[in-house]
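What follows is one structure encoded as structure tokens, with my remarks underneath.
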């Protein structure tokens, strides 16, 4: 699985859009980008995933660059409950385990 | 909404004792996983399980660890002789590849905190 690089921490004001970047410059053509988050030692929670196209669901949007070497997770209207560690993970899929990095600690400021 | 449940939420044990952590995955899921997270550190993959056998395991998952699906609902992680360094939060997860997902969408439980004294 390709390696990912994320900033250690970010701040965002409540109500604003939180944009979390991820670099995955060694991603291969059939690897997917997944995002998870972990709120204060709870179990990780799946957010969204994508291959090439931008994706949106009820939680977030995922923007993947055309060369697929980086992506951005967007939380459109961040709330205090979005304070968490956000993990960007690149995988081929299948039943193999996920490899979590250190992620980005997103702090939503009131 | 269906969820993965884990018991106990917290267990304290003496070094050298056996521990069994239990998980009830989402009912129609076929793939099961255990992860652990030592306090302040990354979430680490331990093992994946499908069709009543281990499909992948990490270096952490040594002979002291075993997994079992004793019946149609439970999925257990056993640590035979606990060590101090086994103190961690243990997360169970499940996924369903047959629904068309890629296997990357895992549903995690809330974890079992193991403290070894």
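The values are calculated or read from the model by the stated rules, or taken from the named source; none is laboratory data. Computed from a predicted structure; not experimentally measured. Reconstructed Cβ throughout: ideal geometry from the backbone, glycine too, with neighbour counts over all protein chains shown.
Among the residues of the range A:16-32, is there at least one that is within 30 Å of residue B:51 (Cα to Cα), in contact with a strand residue (DSSP E or B) (Cβ under 8 Å, 6 or more places away or on another chain) and not in a loop (DSSP other than H, G, I, E, B)?
The answer is yes, given that some residue of the range A:16-32 is within 30 Å of residue B:51 (Cα to Cα), in contact with a strand residue (DSSP E or B) (Cβ under 8 Å, 6 or more places away or on another chain) and not in a loop (DSSP other than H, G, I, E, B).
Can you pull out every residue in the range B:36-55 that is farther than 16 Å from residue B:78 by Cβ, touching a residue at least 24 places away in the same chain (Cβ under 8 Å), assigned to a strand (DSSP E or B) and more than 7 Å from every other protein chain (Cβ to nearest Cβ)?
Selection gives B:37 alone.
Do we have any residue at all in the range A:91-109 that's within 14 Å of chain B (Cβ to nearest Cβ), at pLDDT below 90 and assigned to a strand (DSSP E or B)? Before the answer, list the steps.
Of the range A:91-109, the ones within 14 Å of chain B (Cβ to nearest Cβ) are A:91-105.
When the remaining residues are screened for being at pLDDT below 90, the result is A:91-99.
When the remaining residues are screened for being assigned to a strand (DSSP E or B), the result is A:91.
Yes.
Pick from B:88, B:93: which is more than 9 Å from chain A (Cβ to nearest Cβ), surrounded by 13 or more Cβ atoms within 10 Å (Cβ to Cβ) and within 23 Å of residue A:104 (Cα to Cα)?
Working: B:93 fails: more than 9 Å from chain A (Cβ to nearest Cβ).
Testing whether each residue is more than 9 Å from chain A (Cβ to nearest Cβ), surrounded by 13 or more Cβ atoms within 10 Å (Cβ to Cβ) and within 23 Å of residue A:104 (Cα to Cα) leaves just B:88.
Going through the range B:66-85 one residue at a time, which ones are touching a strand residue (DSSP E or B) at 6+ places or on another chain (Cβ under 6 Å) and free of Cβ contacts under 8 Å to residues at least 24 places away in the same chain?
Answer for the range B:66-85, where residues must be touching a strand residue (DSSP E or B) at 6+ places or on another chain (Cβ under 6 Å) and free of Cβ contacts under 8 Å to residues at least 24 places away in the same chain: B:66, B:68.
Matching residues to (1) without any contact (Cβ under 8 Å) to a residue 40 or more places away in the chain; (2) more than 9 Å from chain B (Cβ to nearest Cβ); (3) surrounded by fewer than 18 Cβ atoms within 10 Å (Cβ to Cβ); (4) out of contact with any helix residue (DSSP H, G or I) (no Cβ under 7 Å at 6 or more places or on another chain):
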position	(1), (2), (3), (4)
A:36	no, no, no, yes
A:41	yes, no, yes, yes
A:44	no, no, no, yes
A:54	yes, yes, yes, yes
A:68	no, yes, no, yes
